[in-house]
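*Asks:* Quick one: structure below, then a few questions.
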Amino acid sequence: MARVCQITGKKRVIGNNVSHSKRRTKREFAPNLKTKRFWLESEERFVTLKVSAAGMRTINKNGLEAALKSAQTKGLIDIY
C-alpha cells in the first residue's frame with residue numbers, strides 16, 4: 001500500500017493545475033505521509049506505521065490501540 005495512510009486511509013487525489021489563461025493540466029495532491037515508529041505499550045514493542053499528519057493527530061487524540069483497532073476494522077491494516 002504505497003502513499004496511503006494506515007490510520008485514516010487518506011490517499012492521493014487527482015486534480016488540475018489551472019494557469020492564468022485557464023489551461024488545465026493534470027496534477028496529483030499527495031497526503032502528508034511520514035513513516036513513524038510508535039510504542040505499543042500493551043505488547044512492549046515498537047510498531048512502524050506510514051501515517052499522515054492527520055493520522056498522528058488521531059493517534060494522539062484517541063490513543064494508539066484504539067486507532068489501530070479502528071484501522072483494522074476499516075481494512076486499512078491487517079495485523080499490527
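We did not get these values from a lab; they are worked out from the coordinates using the rules stated. Bear in mind the structure is a predicted one, so any value in this text is a computation, not a measurement. Reconstructed Cβ throughout: ideal geometry from the backbone, glycine too, with neighbour counts over all protein chains shown.
*Asks:* When the residues of the range 45-80 are narrowed to those that are in a strand (DSSP E or B) and not hydroxyl-bearing (Ser, Thr, Tyr), which ends up farthest from Ile7 (Cα to Cα)?
*Replies:* Arg45
*Asks:* Is there a residue being without any contact (Cβ under 8 Å) to a residue 24 or more places away in the chain, loosely packed, with under 14 Cβ neighbours inside 10 Å and in a loop (DSSP other than H, G, I, E, B) anywhere in the range 6-17?
*Replies:* Within the range 6-17, one or more residues are without any contact (Cβ under 8 Å) to a residue 24 or more places away in the chain, loosely packed, with under 14 Cβ neighbours inside 10 Å and in a loop (DSSP other than H, G, I, E, B).
*Asks:* Among (1) touching a residue at least 12 places away in the same chain (Cβ under 8 Å); (2) assigned to a strand (DSSP E or B), where does Thr25 come up short?
*Replies:* Unmet condition: (1).
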